[in-house]
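K.L.:
Structure below; questions to follow.
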Ligand SMILES: [Zn+2]
């Protein structure tokens, strides 16, 4: 007799769920801010809760590296039955090391098996240190805006939603304004449409002056048209990464453009030097 299909289906479903939960846990360990409670389906899976490897920015390697889990599986606690959910609710250590240089990454997470939530209550290196390491490549291109960017990230890392969002939104808007300053010089530019537009519509109008991926996903940025006072702390923390990635995309493109121009200038110089030496 073969294995019942029902059993196989249940196994497959558990596996998919574990993968989804693990992706959420990884994202939370990587960039979740302290004391932000995240709902998660803990009841189902142990493997979901403890990822074997996580990709993290290593402040020592100065690059993203895989970190591996140092805590043996037998030391991990997971309630096998509902009676144990209260007993096992508590704070658990997460202990990882960089595969490049063995630098530790440690987190303390309050796992609530009764209410199915996780909450980071401590971490080393801090999210701020890891994120600002990642940010340092933007220092030059951002100029005076850089300190605001790193302040935004620092506040976010400590769970300060509205405060961090204010800084981030300001930088985003300034970058949009820079693109607008270039776009308005075009003879076909429709100024009145731009002035009437909400932020997400403005982004679409700036097609050709902003990264295409931002145009394609402009709808996300309708959140920026909301008054800062109508946003909750939690909403700000939730939207933080979307706006941050938007900023990074604009900056990545700027850096690429500058690099290309620098190469073109070098090559032009070189060619005229060679020509000079030939004549
Ligand atoms: Zn490292």
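K.L.:
Say whether the condition of being free of Cβ contacts under 8 Å to residues at least 40 places away in the same chain, buried (at least 16 other Cβ atoms within 10 Å of the Cβ), within 21 Å of the chain's Cα centre (by Cα) and in the same structural domain as residue 138 (by TED's automatic domain parsing) is met by at least one residue in the stretch 200-209.
P.N.:
Yes, the stretch 200-209 contains a residue that is free of Cβ contacts under 8 Å to residues at least 40 places away in the same chain, buried (at least 16 other Cβ atoms within 10 Å of the Cβ), within 21 Å of the chain's Cα centre (by Cα) and in the same structural domain as residue 138 (by TED's automatic domain parsing).
K.L.:
Tell me which residues, restricted to the stretch 44-54, are at pLDDT below 85 and outside any helix (DSSP H, G or I). Full working, then the answer.
P.N.:
Restricting attention to the stretch 44-54, the residues satisfying the condition of being at pLDDT below 85 are 44-48.
44, 45 - these are the residues of the stretch 44-54 that are at pLDDT below 85 and outside any helix (DSSP H, G or I).
K.L.:
While we're on this one: Give 64, 41, 31, 27 a once-over and let me know the one that is at pLDDT below 90 and surrounded by 17 or more Cβ atoms within 10 Å (Cβ to Cβ). Write out each step before concluding.
P.N.:
On the way: 64 fails: surrounded by 17 or more Cβ atoms within 10 Å (Cβ to Cβ); 41 fails: surrounded by 17 or more Cβ atoms within 10 Å (Cβ to Cβ); 27 fails: surrounded by 17 or more Cβ atoms within 10 Å (Cβ to Cβ).
Just one listed residue meets the conditions, 31.
K.L.:
How many of the residues making up the stretch 144-175 are surrounded by 15 or more Cβ atoms within 10 Å (Cβ to Cβ), touching a residue at least 12 places away in the same chain (Cβ under 8 Å) and either more than 18 Å from residue 241 (Cβ to Cβ) or not assigned by TED's automatic domain parsing to the domain that holds residue 215 (or both)?
P.N.:
The total comes to 1.
K.L.:
Looking for something assigned to a loop (DSSP other than H, G, I, E, B), closer than 19 Å to residue 34 by Cβ and away from the ligand (no atom under 16 Å from the Cβ) - is there at least one such residue anywhere in the stretch 107-118?
P.N.:
Pass one, the stretch 107-118, residues assigned to a loop (DSSP other than H, G, I, E, B): 113-116.
From the residues that got through so far, the ones that are closer than 19 Å to residue 34 by Cβ too are 115.
When the remaining residues are screened for being away from the ligand (no atom under 16 Å from the Cβ), the result is 115.
Taking every residue of the stretch 107-118 in turn, at least one turns out to be assigned to a loop (DSSP other than H, G, I, E, B), closer than 19 Å to residue 34 by Cβ and away from the ligand (no atom under 16 Å from the Cβ).
K.L.:
Tell me, please, whether a residue that is buried (at least 17 other Cβ atoms within 10 Å of the Cβ) and either assigned by TED's automatic domain parsing to the domain that holds residue 242 or in a strand (DSSP E or B) (or both) can be found in the stretch 5-24.
P.N.:
Scanning the stretch 5-24, I find no residue that is buried (at least 17 other Cβ atoms within 10 Å of the Cβ) and either assigned by TED's automatic domain parsing to the domain that holds residue 242 or in a strand (DSSP E or B) (or both), so the answer is no.
K.L.:
Something else: For the stretch 219-232, indicate whether the set of residues that are touching a residue at least 12 places away in the same chain (Cβ under 8 Å), under 19 Å from residue 253 (Cβ atoms) and surrounded by fewer than 19 Cβ atoms within 10 Å (Cβ to Cβ) is non-empty.
P.N.:
Among the residues of the stretch 219-232, at least one is touching a residue at least 12 places away in the same chain (Cβ under 8 Å), under 19 Å from residue 253 (Cβ atoms) and surrounded by fewer than 19 Cβ atoms within 10 Å (Cβ to Cβ), which makes the answer yes.
K.L.:
Report, by residue number, each residue of the stretch 45-54 that is buried (at least 17 other Cβ atoms within 10 Å of the Cβ) and away from the ligand (no atom under 16 Å from the Cβ).
P.N.:
Within the stretch 45-54, 45, 47, 48, 49, 51 meet the criteria.
K.L.:
Another question about this same structure. Among the candidates 57, 67, 94, 28, single out the residue that is out of contact with any helix residue (DSSP H, G or I) (no Cβ under 6 Å at 6 or more places or on another chain), within 16 Å of the ligand (Cβ to nearest atom) and not in a loop (DSSP other than H, G, I, E, B).
P.N.:
Numbers: 57 fails: out of contact with any helix residue (DSSP H, G or I) (no Cβ under 6 Å at 6 or more places or on another chain); 94 fails: within 16 Å of the ligand (Cβ to nearest atom); 28 fails: within 16 Å of the ligand (Cβ to nearest atom).
After ruling out the rest, the residue left standing is 67.
The values are calculated or read from the model by the stated rules, or taken from the named source; none is laboratory data. None of the values given here were measured: they were computed from a predicted structure. Cβ coordinates were reconstructed from backbone atoms using ideal geometry, including for glycine residues, and neighbour counts include every protein chain displayed.
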